[in-house]
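Heads up: the structure comes next, in C-alpha cells.
None of the figures in this text is laboratory data; all of them are computed from the coordinates on show. For clarity, every value in this text was computed on a predicted model and none was experimentally measured. FYI the Cβ positions are ideal-geometry reconstructions off the backbone, even for glycines, and counts take in every protein chain you see.
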Amino acid sequence: MAGAVMQPMSQPAEYAGFFERFLAVLIDAVILSIASAVVRMVLGSIVGGLIGLALGIAYEVYFLSSPKQATIGKQAMGIIVTDLNGGRIDPGKAALRWVGKIVSCLILFIGYIMAAFTERKQALHDMIAGTLVLKGKR
C-alpha cells in the first residue's frame, strides 16, 4: 500500500474482547447521538438526519485512520483498530469498515456478535475491511 506506514508488531497481538468493543460502541453512540440531536434541532429532521449520518461516517473514518487508531469510545476502552499486520488503516479502509458495519446490522447484528466467537475476535465488518481490534493505546 503506497504511503502507508507499517508498524511491526513486537509482541503477540492481544485481541480486544466482545464486551470491551461493545462498551466502546456505546460511548461512541452517546457522543454521536448528542451531536446528531443538536444538528437535527438546528436544521430539521431530514437535513439534520442526513448531516448527522455524514458526521457519523466522518467521525469513524477520521479517528480510525488517525495516529490514535481509535474513536473516542475505543480510546476510553484502550483498544485500537489496525490492519492485519498491526499497522494503521487508511481512510478508505476505515470507510469500508463503516460500510461493513451496516451489513453487520442488517443481518440482525449477527455481524457484531461474531466477534465473540471468531479466533481473532473479528466482527463481520472487520473481516470485510481486513482489520483487527487490539488492546493497546497509541
- Query: For Lys135 and Ala54, what does the FRET efficiency come to when R0 = 25 Å and r is the distance between their Cβ atoms, rounded to the nearest 0.05?
  - Reply: 0.25
- What is the gain in length, in nm to one decimal, between Phe22 and Asn85 on full extension, counting 0.36 nm per residue of separation less the C-alpha to C-alpha distance? 20.4 nm
- Item | At most 15 other Cβ within 10 Å, DSSP loop - trypsin sites (Lys or Arg not before Pro), segment 91-125 | Arg120
- Task: Give me the number: length gained by fully extending Leu43 to Ala116, i.e. 0.36 nm times residue separation minus the C-alpha to C-alpha distance, one decimal in nm.
- Result: 22.4 nm
- So what's the back-of-envelope 222 nm ellipticity for the chain, counting only DSSP H runs of four-plus at -39500 (n - 2.57) apiece and dividing by all residues, rounded to 500? -18000 deg cm²/dmol
- Item | Taking the C-alpha atoms of segment 61-111, convex hull volume expressed per residue in Å³ | 84
- Task: Take each complete run of DSSP H in the chain, measure how far its Cα atoms stretch along the helix's own axis, and keep only those covering 30 Å or more with mean Kyte-Doolittle hydropathy at least -0.5; list them.
- Result: 18-43
- Task: With a bin width of 10 angstrom, please list the P(r) values of the chain as percents of all Cα-Cα pairs, from the 0 bin to the one holding the largest distance.
- Result: 13, 42, 33, 11, 2
